[in-house]
Every structure is written in structure tokens, then in C-alpha cells.
1. Say R0 is 30 Å: what FRET efficiency, to the nearest 0.05, do residue 463 and residue 249 get from their beta-carbon distance?
2. Residue 196 to residue 321: extension gain in nm, 0.36 nm per residue of separation minus the Cα-Cα distance?
3. Figure the gain on full extension for residue 181 and residue 442 (residue separation times 0.36 nm, minus the Cα-Cα span) and round it to one decimal in nm.
4. As a footprinting exposure proxy, order 102, 195, 179 by other Cβ within 10 Å, with the fewest listed first.
5. For residue 171 and residue 207, FRET efficiency with R0 = 25 Å and r from the beta-carbon atoms, rounded to 0.05?
6. Multiply the residue separation of residue 370 and residue 144 by 0.36 nm, subtract the distance between their alpha-carbon atoms, and state the gained length in nm to one decimal.
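Coordinate-derived values only; no laboratory data. Only a predicted model underlies this, so the values are computations on that prediction, with no experimental measurement involved. Reconstructed Cβ throughout: ideal geometry from the backbone, glycine too, with neighbour counts over all protein chains shown.
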């Protein structure tokens, strides 16, 4: 990306005209549907071939330390030799949280990104190379991963904070988004494009964090979400959301992409996740995050989880006014026969082939129509109602789970990752389609470590078994 220059005269023109159509963004709605269907293929009856997990953890398996990255088989067992520990080591210096927040897998590479300090060259982790700070690439031969020392991201070793989301594009360039602020360095603040060898190839200057990148490959369109309010120093009509055409470098504000009711505008203080789904031929968009605007009258916590639903009409995503997205709103929730005592974040969204929406985040006290409490994860129907038949107990009564990633396997089983403990396991577990704990999946009790107060898994990649 070349980093398009936009004058303030042009901005005034945009503000006076207000773009109301997506015609300049999307050229073929069928391509979007094709892309979504490829991502939501639920046909297999088997468990995955491999499950790659990244996060903030350290534990020993058969005498080998696993830090921040591990490869499991379809039943959750470690795969011997899947990581080459003669060339691999994620290093954290113990000064704060570190780990892997996001990953991208191709046929022959794995990218991992987060807030780790660099690459450790010895198993004792006594030294590290900060050229690989926050971003590393691994070679992948289908069986094992080994560090690609030739991929050196053009970052500043003094850089602090984190990469939260990465996205590989059609031309093999990599977009990184997060909370990094590289004063005078090569990376562009919070949104940078790197070419296939790690050299900076453009970006956007955002005034705050990028949490999620969602790529529509057929149109080469990138949806960018987070906590920012301006892009390239432009006025603040980019409230946590911007659409980028990666072919032309054009940027579009939310109003050109999302059509909200005038009585119900999109106001989310921070967006954590975006999900596109195919619901029986209808393209749906879900946006999840948090809002600091308390309901009226205020109750309990003033930080509120938000989920919005949009339906694609061929040119725009139109807000679904029938979708009950405010589980915290006391008056609305009475009508919907659900309410919340503590619902502060939606961190992750997943959808399945039956039209269900799965929410993971930081919440407890959410009650369904039967007055049952839901903690950390819940399943929502197409109209926004909490499904009372799906209520897994993934944390003991003393802890509110933090769910950071939910992935639906091709056979309908549900992988759940986060920061939780249920008396037997923490970090990752698997549910059956009806919400019961899948006892066939190995469950680990990740130990505490002087460097790691509470272990967590932030990201999951599923490598499905090839169909016969």
C-alpha cells in the first residue's frame, strides 16, 4: 500500500456530500458470499488434523518447554516434533505480559504476532534476538514448524506494546494492527503493511488501537476495527471502524459501508471483533465490543458489552432493527426476558451453519429466558435472543472467565480459548455442538509460572483433515 495523501479540502467535500453507497467498495456481492461460504464450511464428521494455539503460557511436555505456541492433534494431545526447538523460542523477559495474540497459517508458513520480546536462541532462554520482536515467521512442511530466521520484520527493537491482529493479503504482504507506536521508526503507527520479506510497504496512521482485521479476499477489501477515532489525521467520523481498499489505497468511513437507523446509530467505544457469515444465502455482519455509555437508568458497571448485526442488501450492510443487541439495557431486556448484571466486553464472535452466533468475552450474570446465568460464552439466535439450551460451565464459581477466541470445527464442535479454570483445565477446551464439555479432548491444567501470573490462550488455528 502506498499511503494515499488526502487533503483537508477533500475531507470537507466528503463531510458535505456523505457517501451513502458501497458501489465503490464492493463490485460483486456474489464474491463476498463465496468468500464467506469458504470460511464457513461445516461438512466434516471428523476432528481436525492439527490445532495450533498461541497465547500467554509456559508448560513442559515430555521434557520440552512450550512457551506461547503449541501444536496439538485433533484430540488436544501434543504432537511430538511438531515444533523444532533447535531453532525456535518465544522470549519474554518477565517485565510484563507477553505472548502471541494472533496467527496466520498458509500451506508453507506460519506468522505469529503479539508482545513477546524476541527469539531465544537457547533452551535456557538466557539471551534473545530482538530483531524478531512482536512478529515472527515459521517454515511449515505440513508436519513441523521451524523458525524462519531470514524473515526479519523492519521493526524498531525499542518498540513497546503489542500487535493484536495480522492479516495476510492476496499478494503475500502482511498487514499488522495493534497498539504499537513507532516514533521515528519504520513501522507506521498501529497499522502497517509489510511485504513478503518484511519490508514496510505503507500503512495508516491511527490515533489509537487496532484490535481486529477482517479481509474480504475476493474484493481485496480490509475491514479495520479498534479504539481509534481518526485515520491519517482526518476528522473523527472513523469511530473504531474503517474500510480500506487494498488495491486502490482508498479509505471509507463507516457511513459508506454501514447503514444505521437514524434513531440507533453505531456508537461503540471500542470494537474487538468483526465476523461475516452466510445464513442460508444471506450475508450477515456482526460487530462486537464495548461502550462506555451506560444505559438509562444506570445500573451496575458503566462499561457495557455491545453486539450489532447488519444484513447485506447488495450495496450496503443495513442494521437489523429486530436484533436485540443490548443485553445490558434494562428496559429492552425486560421485553426480551433477559438481563445482565455484568456484561463488559465482547472479545470474539463466531457463527455456525445453523445460524447461531457465539459470543465470547468478559461477562457473568447474563440470564436467559429461564433465568439461568451465562458466564464467558453464550449462544445467540438470529434475532438476538440468548439460547437457554446452550450453557457450558467452563469456569468454577470463583472466577469470571475471559474468552478470547472461539472456533467452530467442520464437524460442529466448538473450540474455546481464553483465561479460565474449571477445576481440571485452563486456557483451552472443546465443547460439543450442544454445549457440553467434550471429554475426548485432552484438558490441561496449565501451571502458574513466576513470569506468568495466569496463563491464557488468545488464538486458535484449526487445520482440518482433508476430505477423502
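1. Numbers: r = 33 Å, r/R0 = 1.10.
That gives a FRET efficiency of 0.35.
2. Details: separation 125, 0.36 × 125 = 45.00 nm, distance 4.27 nm.
My answer for the length gained is 40.7 nm.
3. Numbers: separation 261, 0.36 × 261 = 93.96 nm, distance 3.95 nm.
Working it through step by step, the gained length comes to 90.0 nm.
4. Values: 102 24, 195 14, 179 19.
Ascending Cβ contact count within 10 Å gives the list 195, 179, 102.
5. Values: r = 28 Å, r/R0 = 1.11.
Efficiency computed from Cβ-Cβ geometry: 0.35.
6. Details: separation 226, 0.36 × 226 = 81.36 nm, distance 4.75 nm.
The span from residue 370 to residue 144 would gain 76.6 nm if fully extended.
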